[in-house]
Amino acid sequence: MKFPVGFAVIGMGYMGRRHAQIIQSLPEARLVAIADIDESLQEELTSAFRVPFYLSAKQLLEAHPEADVICIATPNGSHAALALQALDSGRHVVIEKPMALTKADCEQIIHRALQVGRKVFCVMQNRYSPPAQWLKQIITENRLGSIYLVQINCFWNRDDRYYQPAHRTARSWKGTKSLDGGPLFTQFSHFVDMMYWLFGDIDRIQARFENFNHRHSTEFDDDSGIITFHFQRGGMGCFCYSTAVWDRNMESSLTIIAEKGSVRVGGQYMERVDYCHIQDYEMPQLAPANPPNEYGGYRGTAANHHYVFENVLETLKGASTITTNALEGMKVVEIIERIYALLPGR
């Protein structure tokens, strides 16, 4: 691999622009091209990023063999097809969450990457937050002993400002089953990933769903859900979510009740430790969390994407391993798919 590494970004919405900005800020990375199907963005984006703009992935891939890594920041339902296209052209791939909308599509990506000898990086940037890194450490060190109960609450606002903004066009994808997939994929897959990363796979899943105030704005049968399960490694859990919170995000929290202590990480996106009481343990001072991503009237998870791209570069150097590999990305999709299988009419 030659440095600086050539990157291209496909999909130039909020996240695609964030990818492009970060790439241009890294001395060992070089943004060589961008693509989006919206031709009206061309003048604005070529002026902002000073690289060629294309209306299709095919045009970009054919024109820029020097693009070693292709970042896919398009609607969820298009991730798999674009990842396969990029892999077939011999490129490494960075895929925004979720990796795809079905386990079968994820398996196809993994198989193709193995065939062509290329790497797949899944974007799950919440793993980099100081509370997440701390949780991973104490669980790896078995500071808590046996895990008894885990509760995750994700209570966010996603109203008509998100699903039906004034500038909404025919190509809008938010709220559609085929391209969005539902709140567990689009809003809360980060926290499903956090659960899987910390505690492993789940089984004995039960769930109840409601759509309280999004029937007019989405194709989903859920804007809220209560999911209970057992962890295969031991202990049980509950994942409660809603996008029906009025006006602004309320919280994303994780509570652990365990043999040797209890912990709660809270805030709007799990950015602070609210409670820590562990046997024979003094909690260290954690670095402050990065602020949330701002998406024009609503907020997302922490702005940790620069860590993702630093990991891409270190992995391509052979100095690190992938923070969220394709198998982990697939497991998150599989867990969500198993949960949604319990939703009538899904």
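Readers should treat all values here as calculations from the given coordinates under stated rules, not as data from a laboratory. If you're wondering where the values come from, they're calculated on a predicted model, not measured in any experiment. Backbone-built Cβ (ideal geometry, glycine too); neighbour counts: all protein chains shown.
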Using modelled backbone amide H atoms (1.01 Å from N, in-plane), which distant-in-sequence or interchain residues come within less than 5 Å of K177's amide H? E219
Using a simple charge model, +1 on the beta-carbon of Lys and Arg, -1 on the beta-carbon of Asp and Glu, nothing else, what dipole does the stretch 127-200 show about its Cα centre, in debye to the nearest 20? 220 debye
Taking the dipole about the Cα centre of the stretch 25-158, with the C-beta of Lys and Arg at +1 and of Asp and Glu at -1, give me whichever of T46, C122, L87 is farthest to the positive side. C122
Counting Lys and Arg as +1 and Asp and Glu as -1, what is the net charge of the other residues whose Cβ lies under 11 Å from the Cβ of C122? +1
Could you line up M1, M236, M99 from fewest to most neighbouring Cβ atoms inside 10 Å? M1, M236, M99
May I ask you to order 330-338, 211-219, 173-181 by the average number of other C-beta atoms within 10 Å around their residues, highest value first? 330-338, 173-181, 211-219
Tell me, E328, E141, E96 in order of fewest to most beta-carbon neighbours within 10 Å? E141, E328, E96
Can you list the aspartates and glutamates whose alpha carbon is less than 16 Å from that of K103, not counting same-chain residues fewer than 8 positions off? D180, D193, D201, E328, E334, E337
Built amide H within the under 5 Å cut-off of D274, gap 5+: R264, V265, G266
D (Stokes-Einstein, µm²/s), Kirkwood Cα radius, the chain, 1.306 mPa s at 10 °C: 76 µm²/s
Virtual spin-label span in nm between L286 and D201, 7 Å along Cα→Cβ: 2.9 nm
If I take every Cα pair under 8 Å that is 6 or more residues apart in the stretch 5-122, average their sequence separation and divide by the length, what percent do I get for the relative contact order? 24 percent
From the mean inverse distance of alpha carbon pairs (Kirkwood) and the Cα radius of gyration, derive Rg over Rh for the stretch 127-299. 1.00
Inter-part distance where the stretch 30-68 and the stretch 1-29 are each reduced to a Cα centre, Å: 11 Å
How large is the charge dipole for the chain, taken about the Cα centre, if only the Cβ atoms of Lys, Arg (+1) and Asp, Glu (-1) carry charge, to the nearest 20 debye? 240 debye
